[in-house]
Amino acid sequence: MSALIAPSLLAADFLHLEKDVRLINEHADLFHLDVMDGRFVPNISFGFPIVDAVHSMATKPLDVHLMIRHPQTYIERFCKAGASMLSFHLDATRDDPESILGIIMDQGVKPGLAINPNIPVEKLFPYLDLCDFVLIMSVFAGFGGQAFMEETYGRVERMKAEIVSRGLSTHIEVDGGVSPRNASRLISAGADILVAGSSVFRADDPAAAIAAMRG
Ligand code: DX5
Ligand code: ZN
């Protein structure tokens, strides 16, 4: 069993972003881009100019993770900026998640729903057949470099069991504190995509860190 590795550019070197884009092109599977608005989460990261710039030289797909309120307002713009996968948080909107997932799909982009660690995974079950992937946070969204929460293994297992029992092909992405220390257990639990920021970009050998997480 193996997983796709999606390095999170939140931990990249923004003065030398081109170097880190090349690293992902060469060694990883997806670009993970964390968009934060200072409202849904207490932090602000980056928006369209960075997504555009990365897209202009990326040879791997862009996985854009929206941690913003009212995600529907910006979905079409992020799709046009080059997202191949686009996720938003279930509790970031009072609108019907189904219609937002539909808008993403209509743009030819893979839709995903994300949840923080305090939301039962069962809350995503009604939407699984509309999602290309679900994003299970293994830290509270908002900051890189936080400690992985151990209860994530059980959450991934419960989600995987539901997906399998319904014969769905929804992928499971895990995000936050992922490293070579917990990757293989996450893959065994059912994770298909691993997001990793600090453990890639703070490593002495980022390419080796990516290879060590693949499984
Ligand atoms: C957290 C972000 C994560 C974060 C991961 O809100 O969604 O993608 O960048 O960073 P690490 O791997 O350092 O926890
Ligand atoms: Zn993320």
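The values are calculated or read from the model by the stated rules, or taken from the named source; none is laboratory data. Bear in mind that the values here come from a model prediction, so they are computed numbers and not experimental data. Methodologically, a virtual Cβ is constructed for each residue, glycine included, from the backbone with ideal geometry; neighbour enumeration extends over all protein chains shown.
For region 131-153, a tally of residues being closer than 15 Å to Ile187 by Cβ and of a type in the set (Gly, Ala, Ser) returns 1. Taking each residue of region 53-72 that is closer than 16 Å to Asn43 by Cβ and looking for partners that are modelled with pLDDT under 95 and in a strand (DSSP E or B) with beta-carbon atoms closer than 6 Å, six or more apart or interchain, yields nothing.
Residues in region 53-70 that are more than 14 Å from the chain's Cα centre (by Cα) and under 11 Å from Leu33 (Cβ atoms): Ala53, Val54, His55, Ala58.
Pull out all pairs, ordered by first then second residue, where Cβ-Cβ is under 8 Å, the residues are six or more apart or on different chains, the first lies in region 8-33 and is under 14 Å from Ala203 (Cβ atoms), and the second is polar (S, T, N, Q) and part of a helix (DSSP H, G or I). Within 8 Å, the pairs are Ala11/Ser198. Restricting attention to region 124-173 and to residues that are touching a strand residue (DSSP E or B) at 6+ places or on another chain (Cβ under 8 Å) and charged (D, E, K, R), the residue that is farthest from ligand 2 (Cβ to nearest atom) turns out to be Lys160. Candidates are the residues of region 180-207 that are farther than 23 Å from His89 by Cα and of a type in the set (Ser, Thr, Tyr); the one that is farthest from ligand 1 (Cβ to nearest atom) is Ser188. Looking at (1) loosely packed, with under 15 Cβ neighbours inside 10 Å; (2) not in a helix (DSSP H, G or I), can you tell me which one Pro117 breaks? For Pro117, the failing item is (1).
The condition (being under 12 Å from the mean Cα position of the chain (by Cα) and not hydroxyl-bearing (Ser, Thr, Tyr)) is satisfied by just one residue among Glu173, Glu122: Glu173.
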